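Asker: Encoded as structure tokens, here's the structure I'll be asking about.
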Amino acid sequence: MKPKQANKRYLSTMLGASGGYLGSVFGVSFAHDHLIDGSAAGILLSLVPGIFICLMLFSVWRYLKEVDEVVRHQLTQALLAGLFSLLALSGGWGLVELFNDSLPRLPVFFAFPVFFATFGLVSAIRYKRCV
């Protein structure tokens with residue numbers, strides 16, 4: 001596959017999955033107010049955004065397989081920077097939460113946006129790439 005085709009397919013899949021993720025999060029948030037907490041419907045509905053998370057991760061994985069070694073190396077470096085940032089933030093804040101009961105708890109939900117935001121920033125700043 002040509003690099004231009006791989007980029008186009010990656011961006012279209014990623015943007016579609018991101019839009020689906022945002023829409024499903026807002027939809028589930030709205031529907032949650034009208035469902036009984038802990039009901040089977042509520043639990044199943046809460047899993048819908050996870051489908052779009054899996055689609056975004058699949059998109060990155062497929063793109064890694066389709067590009068050349070240089071782009072693969074750059075993408076892997078950006079992914080590692082996102083992972084290391086997430087580990088540092090979660091480990092550091094986890095210790096702060098452990099020893100200070102007065103501070104707010106950071107939900108695990110934020111791990112996904114922190115990872116992808118760092119990954120995107122490193123890709124854009126260091127490698128001048130939007131992917």
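Only the coordinates and a few stated rules stand behind these numbers; no lab work does. Here the structure is a predicted model, which is why all the values come from computation and not from measurement. Here the Cβ is made from the backbone with ideal geometry for all residues, glycine too, and neighbour counts use every protein chain on show.
Asker: Residue by residue through region 101-106, which ³J(HN,Hα) values in whole Hz follow from phi under the Karplus form 6.51 cos²θ - 1.76 cosθ + 1.60 (θ = phi - 60°), with glycine and proline marked x?
Answerer: Karplus-based 3J(HN,Hα) across region 101-106 equals 6, 7, 8, x, 7, 8 Hz.
Asker: Residue farthest toward the positive end of the dipole of region 25-131, with Cβ of Lys/Arg at +1 and Asp/Glu at -1: which of 31, 47, 58?
Answerer: 58
Asker: Moving to a separate point now. Hey, how many Å between the Cα centroid of region 65-83 and the Cα centroid of region 100-125?
Answerer: 20 Å
Asker: Mind putting a number on the dipole of the chain about its Cα centre? Charges go on the C-beta only, +1 for Lys and Arg and -1 for Asp and Glu, and I need it in Debye to the nearest 20.
Answerer: 860 debye
Asker: Let me ask another. Could you run the Karplus curve 6.51 cos²θ - 1.76 cosθ + 1.60 with θ = phi - 60° over region 44-51 and give me ³J(HN,Hα) per residue in whole Hz, x for Gly and Pro?
Answerer: In residue order, the calculated couplings are 5, 5, 5, 7, 4, x, x, 4 Hz.
Asker: Would you calculate, for the chain, the mean residue ellipticity at 222 nm contributed by helices, counting each DSSP H stretch of 4 or more residues as -39,500 (n - 2.57) and dividing by all residues, to the nearest 500?
Answerer: Value at 222 nm, helices only, nearest 500: -27500 deg cm²/dmol.
Asker: To continue, here is another question. About the Cα centre of region 68-131, what is the dipole size in debye to 20, counting +1 per Lys and Arg Cβ and -1 per Asp and Glu Cβ, all else neutral?
Answerer: 240 debye
Asker: Right, next: ³J(HN,Hα) across region 109-116 via Karplus (A = 6.51, B = -1.76, C = 1.60, θ = phi - 60°), whole Hz, x for Gly/Pro?
Answerer: Once rounded to whole Hz, the list reads 3, 6, 4, 5, x, 5, 4, 6.
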